[in-house]
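Input: a single structure, listed below in structure tokens.
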Amino acid sequence: MLHSLRAKAWRRARELVAWGPLPDTYHHLLERPETRQFDRCALELPHDTPTFSRRVYENSRGRRFFSRRDAYRDWLAVGRTLGLDFNEGMNTYLKVVLKVKDEAYLLPKWVDYYAKLVGRHNIVVLDCGSTDEEYLSILASYAKDVLVLSYPHYYDNIHDVNFNAAFYRFVARNCKYLCVVDADEFLFGSCDGTIGRDNVLTILKEGDAPVYPGTWYPNVSAPVDGPEGGWHGPLRFDVSLDTIAGGTFGGKAVVRSNACLDVGHVGHNLHVPAVVSRIRPEACGRIGVLHVSNLGPEQARARTLKHLKAKGIVPADTPRDAVAAGLEEVIARGGLEGAALRYARQFLDPGEEVAAAGPTFETDLIAGPGREPNPEFCRHVAAFDFAAMLPP
């Protein structure tokens with residue numbers, strides 16, 4: 001047995017010496033954090049990840065290869081875009097891209113949730129110029145096994161595929177599906193009378209649609225902090241007809257990797273005609289997004305200040321205790337309008353949202369089980385006509 005293991009190790013070492021590692025930019029950046037730069041996504045960087053198992057990949061591919069190198073080459077060219085298993089419990093079916101800035105409160109909850117959904121190796125965090133020391137410390141703690149990159153542009157630009165073509169080609173050749181979400185957005189799937197994160201991959205594997213429009217469901221009351229940084233108890237979300245309609249229009253899409261370069265936009269669902277043209281009625285209502293946008297007054301003010309500074313409405317070096325007086329003065333002399341005025345008023349009066357008057361559903365998915373029966377949610381979604389929202 002020992003002799004056999006040594007022989008295999010020797011053959012692999014000889015193979016690498018003779019041929020050198022294959023170009024594997026994704027794992028090069030993932031497993032060598034010191035080399036990470038956003039622009040390096042466009043390069044062909046050599047790497048040989050120890051997480052690749054020839055045996056597991058051959059079983060998932062349904063064929064045998066002459067050598068580990070041949071199996072690895074096939075995985076790079078074919079297997080990744082099919083989402084096949086390449087080690088026990090590891091696949092490339094769905095890559096989740098987070099665009100984020102200074103979200104110390106949400107980041108641990110977000111990473112924990114998506115690590116259970118897709119594994120840390122399928123998470124890409126694009127940090128958009130964060131400066132908060134607490135957040136940066138938390139982010140650094142994940143960097144050893146999550147691909148963290150600094151995004152050098154305004155954070156909403158990431159949805160533009162053409163503007164970020166090299167990045168999207170980089171992600172697309174390493175998965176079958178991908179999505180871009182914010183730190184307050186948690187994907188889940190609905191099937192067979194249940195909802196849950198564990199349903200997401202099941203839906204993607206069974207349906208194979210080019211685009212799954214993820215419907216936003218906003219929380220109707222602020223979460224209560226529990227022990228160890230989690231939220232205490234289940235959260236309640238709006239599931240009224242108006243919410244389903246608006247949430248389907250503006251929610252976040254899960255896009256098949258071989259379609260993302262054509263649609264030109266990976267993000268909101270019905271804003272872009274090229275995205276709409278690839279949405280099939282039967283794909284609607286299957287994927288949802290728990291949109292925990294109502295975090296209570298304290299967290300709401302902190303998040304709004306982030307937007308105010310990002311948009312240049314409030315100078316970056318303005319002390320926190322001076323922001324309110326400065327905004328009141330600018331508003332009084334009519335110096336703000338549109339979105340700028342809205343953000344300023346949100347900072348000055350971040351009161352909790354009023355609970356929804358229509359139907360709601362309660363779930364503990366974010367901190368709890370991977371799947372749960374939820375007849376209340378399923379009944380309301382089943383009654384909604386998604387096809388009416390799409391072009392004939």
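Quick note: the coordinates plus some simple rules give every number you see, no bench work behind them. In this text the structure is predicted, and so the values were computed from the model without any measurement. Heads up, the Cβs are rebuilt from the backbone with ideal geometry, glycines too, and the neighbour counts pull from every protein chain shown.
Before moving on, here are some points about what is shown:
- Derived value for the chain: Kirkwood hydrodynamic radius 22.6 Å. Basis is the mean of 1/r over every pair of different alpha-carbon atoms.
- Separation of the Phe249 and Asp262 label points, Cα + 7 Å toward Cβ, nm: 2.7
- Charge tally in the Cβ shell below 12 Å around Val200, where Lys, Arg are +1 and Asp, Glu are -1, Val200 excluded: +3
- Charge tally around Glu44: other residues with Cβ under 12 Å, Lys/Arg +1 each, Asp/Glu -1 each, net +2.
- Amide N of region 319-343 lying under 14 Å from the label point, which is placed 7 angstrom from the Cα of Asp132 along Cα→Cβ: 320
- Cα gyration tensor category, rounded, prolate or oblate, for region 122-174 with a/c compared to 1.5: oblate
- Annotation: amide H of Lys252 within the under-5 Å range of Gly214, Trp216, sequence separation 5 or more or interchain, hydrogens built in the peptide plane.
- Net length available on complete extension from Asp70 to Thr318 is 83.6 nm, with 0.36 nm assigned per residue and the Cα-Cα distance removed.
- Rounded to the nearest 20 debye, the dipole magnitude of the chain is 2160 debye, with +1 charges on Lys and Arg beta carbons, -1 on Asp and Glu beta carbons, and the Cα centre as origin.
- Magnitude of the charge dipole, region 297-348, Cβ model with Lys/Arg +1 and Asp/Glu -1, debye to 20: 240
- Amide H contacts of Thr360 (H built 1.01 Å from N, under 5 Å, at least 5 apart or other chain): Val239
- Selection of GluC sites (Glu not before Pro), region 248-343, meeting DSSP coil and at most 10 other Cβ within 10 Å: Glu337
- Sorted fewest first by neighbouring Cβ atoms within 10 angstrom, Glu134, Glu185 come out as Glu134, Glu185.
- For region 63-115, the set of chymotrypsin sites (Phe, Trp or Tyr not before Pro) satisfying both a DSSP loop assignment and a count of at most 16 other C-beta atoms within 10 Å is given as Phe65, Phe66.
- Simple label model, 7 Å out from Cα along Cβ direction - His271 to Ala77, nm: 3.8
- Scaling against 2.2 N^0.38 Å puts the C-alpha radius of gyration of region 77-228 at 1.06.
- Applying the Karplus relation 6.51 cos²θ - 1.76 cosθ + 1.60 with θ = phi - 60° to region 39-55 yields 3J(HN,Hα) values of 5, 6, 4, 7, 8, 9, 9, x, 6, 9, 7, x, 7, 7, 10, 4, 4 Hz, where x marks Gly and Pro.
- Each residue of region 365-375 is assigned a 3J(HN,Hα), and the resulting list reads 4, 5, 10, x, x, x, 7, 8, x, 8, x Hz, derived from the Karplus form 6.51 cos²θ - 1.76 cosθ + 1.60 (θ = phi - 60°), x at Gly and Pro.
- Distance between region 122-157 and region 58-92 - C-alpha centres, whole angstrom: 29
- At R0 = 35 Å, FRET efficiency that the Cβ-Cβ distance of Ala332 and Arg40 yields, to 0.05: 0.15
- Degrees between helix 323-332 axis and first principal axis of the chain (Cα, 0 to 90, nearest 10): 60
- Shape analysis of region 297-348 places it in the rounded category; the axes a ≥ b ≥ c from the Cα gyration tensor give an a/c below 1.5.
- Considering only alpha-carbon pairs that sit under 8 angstrom and 6 or more positions apart, the relative contact order computed for the chain is 16 percent.
- Subtracting the Cα-Cα distance of Arg120 and Cys191 from 0.36 nm times their residue separation leaves 23.1 nm of extension gain.
- In sequence order, calculated HN-Hα J values of region 199-215 (Karplus, 6.51, -1.76, 1.60; Hz; x Gly/Pro): 7, 4, 5, 4, 5, 5, 6, 7, x, 6, 6, x, 9, 10, x, x, 7
- When +1 charges are put on Lys and Arg Cβ atoms and -1 charges on Asp and Glu Cβ atoms, the dipole computed for region 224-338 relative to its Cα centre reaches about 420 debye.
- Cut-off 14 Å between beta-carbons: net charge of the residues surrounding Pro369, Lys and Arg +1, Asp and Glu -1: -2
- Taking amide H as placed 1.01 Å from N in the peptide plane, the amide H of Gly288 sits under 5 Å from that of Phe188, Gly189, Ser190, Thr215, each at least 5 places away or on another chain.
- For the chain, with +1 on Lys and Arg beta carbons and -1 on Asp and Glu, the positive-most of Leu149, Ile366, Leu235 along the dipole: Leu149
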